């Protein structure tokens, strides 16, 4: 990242420009100030800038239109220069319009020194990432691992290596990252890899499953509470943001966060401050946020289930984890890792996979992805007494209690569609697990939230 950046500040208020310039100089940057859109364009024509921080209003109007027009002129002529918008009349609609027009961030007055510093670091990090761009040509895992640690992410498929290449680049920044992909693909491992390879690796990595936090407990879990804040608050408790201060906060299943909680999360992401439940004292945090979801957030925004401005705060960079069926060449490598782990766990000694067993594993579609593959191997090792695992052992384990039904075991025919097969496998798993949805989800390699969505999709009644 550019340690000493040349930054242009465009604002008609001299108090704002002087205070911003002071903060930036203290951070080692080289700020220059102008007071109008015309002066901003002249400055950009005369010199190269790493970042522009511009006001949204330069007259009595508070619509923000002047700022949007200046933004569009800058992005039209200098598309590589990141722009941060700043305004005393900030609204959600104006922020969204600004980001859609090319701004990397939007902050409102009054701001804090910590907030400005964080926004500048993020914007410069984004510029570095865009400058380098995605890798071209085939990638080598050995080359990627010369300077980075990806030990927990197994595979050499080019789709996975492209993910690792992005992880290597974003790890060097504080840019918020959204990891997408189906359940079981390894999104949490990607988040851990970002943290492991970052400058924050010696600070906490805090994981939060937002799908498991009811709205009534959200503020207490995320922001903490003080003693006496409510009936059961016998002690002051740190929230997840405070626990992650200086490090990385992983917000898993971000798509499952209740709409009533989204605005509360947005505020701390925007201001970097919060209050514990029962306290009026603001606490500032320095946290890098990585989130993950297996849901289509764009569709949720269209239906009103997810805030568009929250999405813009979360996904300055998006990393998509490919499903296992799209990188089948990695299945032998994954099996080679999981088999000895399971053998050690269950004290089975040295085990090996027969050729027919490996062929069978590669041939499956794995709707539960890597997690499902690992579960199948673990169950097979637990139930098998032979030193060599055959395809018959895998099929037997698939029919065992709490096991994942295979295509043969579930009675799936060649004429069935993928939707039909998925529905049949869910019904078979429910029968094997006596309707216990927690066990059904585990057997299928899904989260409970993902299972509920599939039950709804296929019209399957969930037992009470």
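FYI, it's all coordinate maths here, none of it is from the lab. Just so it is clear, the model here is predicted, and its values are computed rather than measured. For neighbour counting, all protein chains shown are included, and Cβ atoms are generated from backbone atoms with ideal geometry for every residue, glycine included.
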Checklist outcome for this item: Yeah, the range 6-132 with a ≥ b ≥ c from its alpha-carbon gyration tensor (a/c under 1.5 is rounded, else prolate when a/b outruns b/c, oblate otherwise) is rounded
Checklist entry - Based on the alpha-carbon gyration tensor of the range 230-307 and its eigenvalue square roots a ≥ b ≥ c, which shape applies: rounded if a/c is under 1.5, prolate if not and a/b is larger than b/c, or oblate? => result prolate
Checklist entry - Tilt of helix 331-345 relative to the longest C-alpha principal axis of the chain, in degrees (0 to 90, nearest 10)? => result 70 degrees
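Can you give the FRET efficiency for residue 142 and residue 280, using 1/(1 + (r/R0)^6), R0 = 51 Å, r = Cβ-Cβ distance, to the nearest 0.05? Working shown, then result.
Values: r = 55 Å, r/R0 = 1.07.
So, using R0 = 51 Å, E works out to roughly 0.40.
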Item to check | In nm, spacing of pseudo-spin labels at residue 434 and residue 32 (7 Å Cα→C-beta vector) | outcome: 7.6 nm
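What is the range 6-65 by shape, rounded, prolate or oblate, if you read a ≥ b ≥ c off the alpha carbon gyration tensor as root eigenvalues and call it rounded for a/c under 1.5, prolate for a/b larger than b/c, and oblate otherwise?
On the way: a/c = 2.38, a/b = 1.35, b/c = 1.76.
Since a/c reaches 1.5 but b/c is at least a/b, the shape of the range 6-65 is classed as oblate.
I want the antiparallel fraction of DSSP beta bridges within the range 225-312, as a percent rounded to 5. List each step's numbers first, then the result.
Numbers: 4 of 9 bridges.
Just about 45 percent of them are antiparallel.
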Checklist entry - Label 7 Å along Cα→Cβ of residue 365; the range 322-356 residues with amide nitrogen under 20 Å? => result 322-332
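Taking 0.36 nm per residue of sequence separation and subtracting the Cα-Cα distance, how much length would be gained by fully extending the chain between residue 427 and residue 448, in nm to one decimal? Write down the numbers at each step before the final one.
Working: separation 21, 0.36 × 21 = 7.56 nm, distance 1.52 nm.
This chain segment gains 6.0 nm when fully extended.
Could you tell me what percent of the DSSP beta bridges with both partners in the chain are antiparallel, to the nearest 5?
On the way: 5 of 42 bridges.
Taking every DSSP beta bridge with both residues in the chain, the antiparallel ones total about 10 percent.
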Item to check | the range 141-322 - share of DSSP beta bridges that are antiparallel (%, nearest 5) | outcome: 20 percent
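Stokes-Einstein D for the range 141-322 at 25 °C, 0.890 mPa s, Kirkwood Rh over Cα pairs, in µm²/s?
Values: Rh = 17.1 Å.
Rounded to a whole number, D works out at 144 µm²/s.
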Item to check | the chain: angle of helix 418-432 to the longest principal axis, Cα-based, in degrees nearest 10 | outcome: 60 degrees
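Ranking request for peptides 250-257, 58-65: highest mean number of other beta-carbon atoms within 10 Å first, then the rest in descending order. Show your work: numbers first, answer last.
Numbers: 250-257: 23.4, 58-65: 13.4.
Result, highest mean Cβ count within 10 Å first: 250-257, 58-65.
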Checklist entry - Here are several values of mean projected area of the Cα convex hull in nm²: (1) 22.2; (2) 26.3; (3) 29.1. Which one was derived from the coordinates shown? => result (2)
Checklist entry - If r is the Cβ-Cβ distance from residue 346 to residue 39 and R0 is 56 Å, what FRET efficiency results, to the nearest 0.05? => result 0.20
Next on the checklist: What distance in nm lies between label points placed 7 Å from Cα along the C-beta direction at residue 356 and residue 158?
Outcome noted: 3.5 nm
Checklist entry - To the nearest 10 degrees, how steeply does helix 158-170 sit against the main Cα axis of the chain, on a 0 to 90 scale? => result 30 degrees
Checklist entry - What nm value, rounded to one decimal, do you get for the distance between residue 131 and residue 382 when each label is placed 7 Å out toward the C-beta? => result 5.2 nm
